[in-house]
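Everything below concerns the one structure shown next.
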Amino acid sequence: MGSLWATAAIHVIGKGMKFCAAIGLVLVSLVACHATVAGQPASPSSSNRTPASSPSSDARAGATPAVSFSSELDAAVPISPANPTWGSRTAPVTIVEFADFQCPFCARAASVMQDLEATYGPDKLRVVWKNAPLPFHANALPAAEAGMGVFAMAGSDAFWKFHDLAFQNQDALSRDAYVKWAAQAGVRDGVAIATGLDAHRWASAVTRDTAEADTLKVDGVPAFFVNGSILVGAQPVSAFKTVIDRELDRAHTLVLSGLAPDRIYARAAAENMAAYLAARAKEEEEEQAADAAVYRVPAVTAPSRGSPAALVTLIEFSDFQCPFCARVEPTLKALRDKYGDALRLVWKNEPLPFHPAAEPAAEAALEVRAEKGDAAFWDVHDRIFARRDDLMHGATVDVQALVRDAVEAGGRADGVRNAIVNRTHAAEIEADVDLADQFSADGTPQFFINGRRLIGAQPEEAFVRLIDEELVRARAALAAGVKPADLYATLVKDGKGPADPEQRSVPASLPVDDPVRGDPKAKVTVHEWCDFQDESCARVEPALVRLLSEYRGRVNLVWHDLPLQGHGDAPLAARAGRQALSQRGPAAFWSFHDALLGGTAGVDRAALDKWARANHLDLTAWHGALDAPTFGPTVASARAAEQAGFEGAPAFLIVPTDAPSGYAIAGAPSYTKLHRIVERALVDAGQARSL
């Protein structure tokens, strides 16, 4: 879904293992490819790191000679002269950043740090760098060692110049590049930096940082401790400002109470870290409880590998384009080799919206299965994963390659091509996606081992632990008289079923004059908060059109504008839509709505004006409305969204007639999910009438 702050993806390789994070979280739920959001890392700014109010060389080196570091060496997030630092030692706010030179989201964060430095200056803000190279980024560790070498030989100012060059040229990370960038940053002895890199002279400095990251429970990068308060991911400037401004207020209060400026960081970090670690401890307790829980996930009708009477059934929710789903494939093969007939694998499709090749690949594989059975499905499955990196040509899905894989597995070329183009198996895929949603499997890969959840591309030993435990439980059930064919159903029958749809109160401030599509007297109303510029809002439109068609007279739709921060044309488009409504009524608004979300009209001012002229609107009134300084309907809709607990668009509240609450959906749901929740609301409406 589009967020009020940012839109991005989280990639995680498993519990207890570090990942690249693109969206900020106070506490990170460990998933792999996250299912609800889609975004691409931005290129770092190429502007000079030095802010308009340039710090002195001492400030850039992070040391004011008259001030000691002693109080910070033992701080909750330690800082020492061995850390590259920007800003004054006595700045009231310190950001300690753990990052990786190869992580694209760390590159995005680098430009954010530059903006913050320019905004607050070195007397209010200090930035401290710590290395956290990820194991699956081959160039990250050498780059980290090079950065620390530059720091050791030429100081903080040179380190930050190297830092900026590395992020601006992230695709060119290499030993020769490090030597060149070191020289550009101010290291005069090129031979010394080169020989030092070859000898891993600065490896211990990187190891020290990574050990600190482990101690502080840093699970992903980039991770920031703002006076000890953690933010994870490539957050926007606004997210940092919220925390920084709060910490500036805290610092001011501490100074007024008599605390020396050089003691502020240690005090604030201790208080913030205590709260963070307490929250992490609670999260870990919840994870342990979830690890033991059993879920009643159905295994029937799906592609399977192994006997239905196997002692252990492993259900996988996966995505053919997800890098972590590909990474876990060798582990799954090792498990099949280890356990043989005792293990059954069951596949469920969960193509994520930001992986454009995932659904076409699923269509190809399911078509082969329909033609040739499960063995052929797994054949094409293996072929697709073997060349996952080649599924795309730039922004275009390589359909021909998918067809070729399918044909080599026994499928018919015309049948597979038709399935991809016409989405022949869309209902089956949507049902899998909806099942994933019902069991909160909102990322890939995700596994249920005899109903017990395991998230991410975990190492083999994590699977073995659960499988071995489930073998004991399965054998006990057989000994008690359970038939092998009934084993899986018996083992999960008392498990947790699908979660009930989330309910939220209807906001008291919900606008009553927003545009309605469908019968105003329908039994169920779908309230939609959306943004004309958001791709997710456009993506959900076909499902909404289908819903209104199939439930004609029983369900209606109400549109509420929610233009998101970062979508510069969205507020203007919202005004334009309301002006169309004001001049020509609901038909004009919905025509405008369909044109923008259907892609036949643009959202910039020129395109909006063109639409108004083509539809013969009063242009004087149109321009007056679009140029007005304030716009009440958007404010009212945003207030209602906030009261309903929605932080982004699209968002839905599905409400039975006159009910005080409805069912909430955040993000772009599949038709299957909309259908399921609307059916639930219709039942509620029927019950309400019978009372």
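Among all positions in the range 558-570, there is at least one residue which is in a helix (DSSP H, G or I) and touching a residue at least 24 places away in the same chain (Cβ under 8 Å). For the range 383-454, give me every one of the helices (runs of 4 or more DSSP H) that falls completely inside it and has 1 or more residues that are of a type in the set (Phe, Trp, Tyr). Helices (runs of 4 or more DSSP H) meeting the threshold: none at all. Looking at the structure I just gave you, is residue 239 touching a strand residue (DSSP E or B) at 6+ places or on another chain (Cβ under 8 Å), over 25 Å from residue 80 (Cα atoms), at pLDDT below 95 and not hydroxyl-bearing (Ser, Thr, Tyr)? Yes, satisfied.
The set of residues from the range 204-228 being part of a loop (DSSP other than H, G, I, E, B) and hydrophobic (A, V, I, L, M, F, W, C) comprises 216, 218. Within the range 583-617, the set of residues being assigned to a helix (DSSP H, G or I), more than 34 Å from the chain's Cα centre (by Cα) and farther than 24 Å from residue 544 by Cα comprises 583, 609, 610, 612, 613, 614. Checking each residue in the range 114-170 for being at positive phi and either not small (Gly, Ala, Ser) or not in a helix (DSSP H, G or I) (or both) picks out only 121. Taking the range 312-356, which residues are out of contact with any helix residue (DSSP H, G or I) (no Cβ under 8 Å at 6 or more places or on another chain) and of a type in the set (Gly, Ala, Ser)? 340, the sole residue that qualifies. Quick check on the range 324-343. Is at least one of its residues assigned to a loop (DSSP other than H, G, I, E, B), outside the structural domain of residue 537 (by TED's automatic domain parsing) and among the acidic types (Asp, Glu)? Checking the range 324-343: not a single residue is assigned to a loop (DSSP other than H, G, I, E, B), outside the structural domain of residue 537 (by TED's automatic domain parsing) and among the acidic types (Asp, Glu).
Do we find a residue being part of a loop (DSSP other than H, G, I, E, B), modelled with pLDDT of 95 or more and in contact with a helix residue (DSSP H, G or I) (Cβ under 8 Å, 6 or more places away or on another chain) anywhere in the range 539-555? For the range 539-555, residues part of a loop (DSSP other than H, G, I, E, B), modelled with pLDDT of 95 or more and in contact with a helix residue (DSSP H, G or I) (Cβ under 8 Å, 6 or more places away or on another chain): present. The residues of the range 138-154 that are over 19 Å from residue 186 (Cα atoms) and free of Cβ contacts under 8 Å to residues at least 40 places away in the same chain, listed by number, are 138, 139.
Within the range 554-579, the set of residues being small (Gly, Ala, Ser), under 30 Å from residue 677 (Cβ atoms) and buried (at least 19 other Cβ atoms within 10 Å of the Cβ) comprises 570, 573, 574, 577. Does residue 635 fit the bill of being exposed (fewer than 15 other Cβ atoms within 10 Å of the Cβ), among the β-branched types (Val, Ile, Thr) and out of contact with any strand residue (DSSP E or B) (no Cβ under 9 Å at 6 or more places or on another chain)? Taking the combined requirement at face value, the residue satisfies it. Taken over the range 179-203, the criterion of being buried (at least 20 other Cβ atoms within 10 Å of the Cβ), without any contact (Cβ under 8 Å) to a residue 40 or more places away in the chain and either assigned to a loop (DSSP other than H, G, I, E, B) or basic (Lys, Arg) (or both) is satisfied by 187 alone.
Scanning the range 158-174 for residues being closer than 21 Å to residue 204 by Cα and surrounded by 15 or more Cβ atoms within 10 Å (Cβ to Cβ) gives a total of 7.
Yes or no, residue by residue, for (1) aliphatic (A, V, I, L, M); (2) modelled with pLDDT under 95:
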{"site": "338", "(1), (2)": "no, no"}
{"site": "386", "(1), (2)": "yes, yes"}
{"site": "391", "(1), (2)": "yes, yes"}
{"site": "409", "(1), (2)": "yes, no"}
{"site": "425", "(1), (2)": "no, no"}
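Listed here are the residues, each with its yes/no results for (1) in the same structural domain as residue 89 (by TED's automatic domain parsing); (2) modelled with pLDDT of 90 or more; (3) acidic (Asp, Glu).
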residue: 220; (1), (2), (3): yes, no, no
residue: 223; (1), (2), (3): yes, yes, no
residue: 243; (1), (2), (3): yes, yes, no
residue: 249; (1), (2), (3): yes, yes, yes
residue: 264; (1), (2), (3): yes, yes, no
residue: 269; (1), (2), (3): yes, yes, no
residue: 273; (1), (2), (3): yes, no, no
residue: 283; (1), (2), (3): no, no, yes
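For the range 514-548, the set of residues classified as closer than 20 Å to residue 657 by Cα and among the small types (Gly, Ala, Ser) consists of 518, 522, listed by residue number. Report, by residue number, each residue of the range 204-236 that is surrounded by 18 or more Cβ atoms within 10 Å (Cβ to Cβ) and among the polar types (S, T, N, Q). Answer for the range 204-236, where residues must be surrounded by 18 or more Cβ atoms within 10 Å (Cβ to Cβ) and among the polar types (S, T, N, Q): 210, 227, 229, 235. For the range 584-639, the candidate set comprises residues that are under 27 Å from residue 510 (Cα atoms) and of a type in the set (Lys, Arg); within that set, the residue that is modelled with the lowest pLDDT is 639. The set of residues in the range 477-520 that are assigned to a strand (DSSP E or B) and within 29 Å of residue 632 (Cα to Cα) comprises 503, 504, 505, 516, 517.
To keep it simple, each residue is scored yes or no on (1) in contact with a strand residue (DSSP E or B) (Cβ under 7 Å, 6 or more places away or on another chain); (2) closer than 17 Å to residue 248 by Cβ.
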| residue | (1), (2) |
| --- | --- |
| 85 | yes, no |
| 88 | yes, yes |
| 91 | yes, yes |
| 105 | yes, no |
| 115 | no, yes |
| 124 | yes, yes |
| 132 | yes, no |
| 152 | no, no |
| 158 | no, no |
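Restricting attention to the range 216-273, the residues that are touching an Asp or Glu at 6+ places or on another chain (Cβ under 8 Å) and without any contact (Cβ under 8 Å) to a residue 60 or more places away in the chain total 2. Residue under question is residue 403, and the condition is that it be crowded, with 19+ Cβ neighbours inside 10 Å, without any contact (Cβ under 8 Å) to a residue 40 or more places away in the chain and over 21 Å from residue 676 (Cα atoms); does it hold? For residue 403, the condition - crowded, with 19+ Cβ neighbours inside 10 Å, without any contact (Cβ under 8 Å) to a residue 40 or more places away in the chain and over 21 Å from residue 676 (Cα atoms) - is met.
Condition check ((1) touching a strand residue (DSSP E or B) at 6+ places or on another chain (Cβ under 7 Å); (2) assigned by TED's automatic domain parsing to the domain that holds residue 379; (3) surrounded by fewer than 20 Cβ atoms within 10 Å (Cβ to Cβ); (4) at negative phi) across all residues:
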{"site": "390", "(1), (2), (3), (4)": "no, yes, yes, yes"}
{"site": "420", "(1), (2), (3), (4)": "no, yes, no, yes"}
{"site": "429", "(1), (2), (3), (4)": "yes, yes, no, yes"}
{"site": "435", "(1), (2), (3), (4)": "yes, yes, no, yes"}
{"site": "455", "(1), (2), (3), (4)": "yes, yes, no, yes"}
{"site": "459", "(1), (2), (3), (4)": "no, yes, yes, yes"}
{"site": "480", "(1), (2), (3), (4)": "no, yes, yes, yes"}
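Per this entry, residue 620 is counted among residues that are farther than 19 Å from residue 533 by Cα and over 24 Å from the mean Cα position of the chain (by Cα).
Does residue 368 meet the test of being farther than 24 Å from residue 298 by Cα and either out of contact with any Asp or Glu (no Cβ under 6 Å at 6 or more places or on another chain) or assigned to a strand (DSSP E or B) (or both)? The answer is no for residue 368. Of everything in the range 589-602 that is in contact (Cβ under 8 Å) with a residue 24 or more places away in the chain and crowded, with 20+ Cβ neighbours inside 10 Å, the residue that is farthest from residue 530 (Cα to Cα) is 589.
The values are calculated or read from the model by the stated rules, or taken from the named source; none is laboratory data. Quick caveat, the model's predicted, so the values are computed rather than measured. Glycine also receives a Cβ, built like all others from the backbone with ideal geometry; neighbour counts cover every protein chain displayed.
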